Amino acid sequence: MKLVDHNMTKHIFTHLDALESESIHIMREVAAECKNPALLFSGGKDSIVMLRIAEKAFRPAKFPFPLVHIDTEHNFPEVIATRDKLAADLGERLIVRSLEDSIARGTIVIKDLDKPRNPYQSVTLLETITEFGFDACMGGARRDEEKARAKERIFSFRDEFGQWDPKNQRPELWDIYNTRVHAGENIRVFPISNWTEMDIWEYIAREKLHIPCIYYAHKREVIRRGNALIPVSCLVQPKAGEIVETVSVRFRTVGDMTCTAPVESTAHTVEEIIAETATTRITERGATRMDDQTSDASMELRKKEGYF
Amino acid sequence: MSNATQLLRFITAGSVDDGKSTLIGRLLHDSKSIFEDQFSAISRTSEKRGMAAVDLSLLTDGLQAEREQGITIDVAYRYFATPKRKFIIGDTPGHEQYTRNMVTAASTANLAVILIDARKGVLTQTRRHSYLASLIGVPHIVLAVNKMDMVEYSKQRFEEIVGEYKRFAAQLNLHDVHCIPLSALDGDNVVEKSDAMDWYIGPTLLELLETVEIEHDVNTRDFRFPVQWVCRPQAQEYHDFRGFAGRIEAGDVSVGDEVTILPSGRSSKIKEIVTYDGHLQRAYAPQSVTLTLEDEIDISRGDMFVKAGGTTRCAQPAGSAIACDLASVAGSLGRMVNSSTGNVSEAHSLPAVAKEFEAMLCWLSETPLDKNRKYFVKHTTRTAKCLFSRIDYRVDVNTLERHPVAALNMNDIARVALKTQQPLVIDHYLDDHSTGSFIVIDEATNNTVAAGMIA
């Protein structure tokens, strides 16, 4: 379309403006068309960006959905503190369901309680969806994170078992989203699908968002295992022969404490993180998520089982 | 990177044989967008498969099912950035179901890179890709004449291909076509200028992607604001607040503007433009905002705000004289000719409110179109029941010939007539993509079965 120029003053619409407007549009479609949606909120940086977008989409009203966190009980305490503070500051409803509940119910059977728990999150998520009857769950996943995500729709349809069928996705054209589901089925919606790690950091800087302190450089006791720095915690103690070092690190992602590795860093401000992100030669998950490296297809397999 | 960078979405059309995956790999590699762990992963895989060199095309295939079968199934999105722009590549496989995948990826693209093998020239698939790009109205086209190293970097060969392509493209609705001779394998004219083709003085592919003007790709003249969500805060301080949240799909709006709400036709004035970051005096497409009005009018999701006054451009009873498909209506964009006087008018125009209209349809489902069944049509923020009253013809995407048909199968492109249960507020797709496009949903399965462009 080529159109008449009105001699209007040139309005600069940056890539962040474009991404933000797209994400607001997606959230409003969910709020308007889904009967009982929820926003998955972990206290991590991507979900903190999602909260700001929700504010932009719905204020001055309250969010037309609750915030939901599926807690593995393996989270960093700083992240949980931020989660609770942000939900309280916004005056929005936060629902927390724990893997421990599923373990107590016997729906999750874990041999080693200290092993990574991400694979089990799907069970508690599906139980929570059933408990509240959610027909749509919005999540902060991005397509640049991983190969399987790169092919997932913004509105990703799940069957009654919460499963994703990558070969049978609904075509998604323009920005007209098909939100129709049968009873018992639901959709996962990813409003920030098109954002990259860099976009997230630039947005955090622009919006001056409060994020957990462990995203900034800090001194931490770690153990070197392979290429990764594993944080020492109540769940991870050095094995015989391993050396504990104190290193200046920051986290690029925050997840299960047993498998989320920080990177060496001296970035104490968002601007310094942006500078580091611009020159890093390793992908976000490649540097920090040991659970995704077990096989080339681990994320795809988890998503097929109902992971978001 | 500064915050003032723009976002450009583009697709690449062509088969593996044309060097498409290599071209994407080269763009990512030469713009330093491949990370070490990604590179070592594909190096390992290349080695496992017994390949001598690292296969860059492995970067663009994703799912386990595909890796097992060695094919790409669906549209995948890739992201990279240069200091000038951020890019989203919609990467589509060049196999069967090509039409469906390409139409999907093209629907959000600013630009399409159409690949040609310099040895083979303009082929049937080049015509198919170009037709689909013009059908979806992709604003900018780059004809990438690849494998120039295989034709001795011949200027004459390049010009032959360009000449042939331009003769063909003249039949289509393609306005902005750029032709670049390149070699993806060696990187000539992809990111770096080619020493072997000093006769070519134009931009490299990346330079073009960084500079092609996209501000005018949206309709800046005709204000269109479909209401997405009505904002009614349940708080005392906002007792009387009634805001209409949505995205400005086209044009602009200012406080004090007279607006008409369609389909009801009632009018009011814009009182405030509310955003989280404060009230605005004026807002533009594609901003997401919340509008309030001076008067209390019953408005709900699916209604559309337009500027009051203006003329109706889109006279659209089914069976009207527009008996051509989108691709052949080239030229009249942006300026509209007032049909009664023949004068060029730059006044803003109004959409039509219609329950019957015609469209070009791309059928996406394995289950054929059934004229006896009802479907849902989702158009802007309104969903209505619909049925197909006519299939005028199917377009052969290879020859552009029209054939009468009784049914539509997956990947068919056809001109059809629809009837909807409720009125829709529509524009011609050529004038406004957002108010001229729709999807068709199967009532029984809830699947998205077709994409439509009002014509």
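Before we move on, is residue B:394 closer than 22 Å to residue A:171 by Cβ, part of a strand (DSSP E or B) and open to solvent by 10 Å² or more (accessible area, probe 1.4 Å)? Considered against the rule, which asks whether it is closer than 22 Å to residue A:171 by Cβ, part of a strand (DSSP E or B) and open to solvent by 10 Å² or more (accessible area, probe 1.4 Å), residue B:394 comes out as yes. Within the option set A:178, A:118, being in contact with a helix residue (DSSP H, G or I) (Cβ under 7 Å, 6 or more places away or on another chain) and open to solvent by less than 50 Å² (accessible area, probe 1.4 Å) holds for one residue only, A:118.
Looking only at the stretch B:353-406, filter to residues that are touching an Asp or Glu at 6+ places or on another chain (Cβ under 7 Å) and of a type in the set (Lys, Arg); which one of those is nearest to the other protein chains (Cβ to nearest Cβ)? My answer is B:374.
Scanning the stretch A:153-182 for residues that are touching a residue at least 60 places away in the same chain (Cβ under 8 Å) and touching a Lys or Arg at 6+ places or on another chain (Cβ under 7 Å) yields A:158, A:163, A:164, A:166. None of B:218, B:230, B:212 is within 22 Å of residue B:176 (Cβ to Cβ), within 11 Å of another protein chain (Cβ to nearest Cβ), in contact (Cβ under 8 Å) with a residue 12 or more places away in the chain and aliphatic (A, V, I, L, M) except B:218. Suppose we filter the stretch A:199-219 for residues that are open to solvent by 10 Å² or more (accessible area, probe 1.4 Å) and at the interface with chain B (Cβ under 7 Å from one of its Cβ atoms); how many remain? Residues meeting the conditions: 1. For the criterion of being closer than 24 Å to residue A:57 by Cβ and free of Cβ contacts under 8 Å to residues at least 60 places away in the same chain, residue B:300 fails. Which of the residues belonging to the stretch B:284-309 are surrounded by fewer than 23 Cβ atoms within 10 Å (Cβ to Cβ) and either facing chain A (nearest Cβ under 10 Å) or more than 20 Å from residue B:222 (Cα to Cα) (or both)? The answer is B:284, B:286, B:287, B:294, B:295, B:296, B:297, B:298, B:299, B:300, B:301, B:302. Is the stretch B:263-281 home to any residue that is surrounded by fewer than 16 Cβ atoms within 10 Å (Cβ to Cβ), within 11 Å of chain A (Cβ to nearest Cβ) and among the charged types (D, E, K, R)? Yes, the stretch B:263-281 has at least one match. The set of residues from the stretch A:175-194 being part of a loop (DSSP other than H, G, I, E, B), of a type in the set (A, V, I, L, M, F, W, C) and at pLDDT 95 or above comprises A:190, A:192. In the stretch A:26-46, the qualifying residues are those that are open to solvent by less than 10 Å² (accessible area, probe 1.4 Å) and in a helix (DSSP H, G or I), and the one that is nearest to the other protein chains (Cβ to nearest Cβ) is A:28.
Mind telling me which of the residues B:86, B:166 ends up being out of contact with any helix residue (DSSP H, G or I) (no Cβ under 8 Å at 6 or more places or on another chain), at pLDDT 90 or above and in the same structural domain as residue B:14 (by TED's automatic domain parsing)?
Working: B:86 fails: out of contact with any helix residue (DSSP H, G or I) (no Cβ under 8 Å at 6 or more places or on another chain).
Going through B:86, B:166 in turn, just one is out of contact with any helix residue (DSSP H, G or I) (no Cβ under 8 Å at 6 or more places or on another chain), at pLDDT 90 or above and in the same structural domain as residue B:14 (by TED's automatic domain parsing): B:166.
Kindly indicate which of A:234, A:137 is more than 12 Å from every other protein chain (Cβ to nearest Cβ) and touching a strand residue (DSSP E or B) at 6+ places or on another chain (Cβ under 8 Å).
Selected residue: A:137, the only one of A:234, A:137 that is more than 12 Å from every other protein chain (Cβ to nearest Cβ) and touching a strand residue (DSSP E or B) at 6+ places or on another chain (Cβ under 8 Å).
Return yes or no: is residue B:253 hydrophobic (A, V, I, L, M, F, W, C), in the same structural domain as residue B:276 (by TED's automatic domain parsing) and over 24 Å from residue A:64 (Cβ atoms)? It is true that residue B:253 is hydrophobic (A, V, I, L, M, F, W, C), in the same structural domain as residue B:276 (by TED's automatic domain parsing) and over 24 Å from residue A:64 (Cβ atoms). Can you name the residue in the stretch A:233-243 that is open to solvent by 60 Å² or more (accessible area, probe 1.4 Å) and modelled with pLDDT of 85 or more and is also farthest from residue A:265 (Cα to Cα) among such residues? Looking at the filtered set, the residue picked out is A:240.
Keeping to the stretch B:250-295, report how many residues are among the small types (Gly, Ala, Ser) and within 27 Å of the chain's Cα centre (by Cα). Residues flagged as among the small types (Gly, Ala, Ser) and within 27 Å of the chain's Cα centre (by Cα) within the stretch B:250-295 amount to 5. Just give me the residues in the stretch B:6-63 being of a type in the set (Phe, Trp, Tyr) and either at pLDDT 80 or above or not in a loop (DSSP other than H, G, I, E, B) (or both), in sequence order. Those that are of a type in the set (Phe, Trp, Tyr) and either at pLDDT 80 or above or not in a loop (DSSP other than H, G, I, E, B) (or both): B:10, B:39. Within the option set B:235, B:245, being surrounded by 15 or more Cβ atoms within 10 Å (Cβ to Cβ), within 12 Å of chain A (Cβ to nearest Cβ) and of a type in the set (A, V, I, L, M) holds for one residue only, B:245.
Sort out for me the helices (runs of 4 or more DSSP H) sitting completely within the stretch B:74-190 that have 2 or more residues that are over 27 Å from residue A:148 (Cβ atoms) and open to solvent by 10 Å² or more (accessible area, probe 1.4 Å).
Working: elements: B:98-106, B:124-135, B:155-169.
Correct list: B:124-135, B:155-169.
Counting only strands (runs of 3 or more DSSP E) that fall entirely inside the stretch B:218-267 and contain at least 1 residues that are among the charged types (D, E, K, R), the qualifying elements are B:243-247, B:252-254, B:258-262.
Would you pick out the residues in the stretch B:270-290 that are more than 13 Å from residue B:243 (Cα to Cα), outside any strand (DSSP E or B) and not hydrophobic (A, V, I, L, M, F, W, C)? Lay out the reasoning, then the answer.
First pass over the stretch B:270-290, keeping only residues more than 13 Å from residue B:243 (Cα to Cα): B:277-278, B:280-287.
Right, trim to outside any strand (DSSP E or B) and you get B:277-278, B:281, B:285-287.
Correct list: B:277, B:278, B:281, B:286, B:287.
The values are calculated or read from the model by the stated rules, or taken from the named source; none is laboratory data. As the structure is a computational prediction, the values presented were derived from the model and not from experiment. All Cβ positions, glycine included, derive from the backbone under ideal geometry; neighbour counts span all protein chains shown. All accessible areas refer to the heavy atoms of the entire protein, side chains included, with ligands and DNA or RNA removed. Shrake-Rupley method; radii C 1.70, N 1.55, O 1.52, S 1.80 Å.
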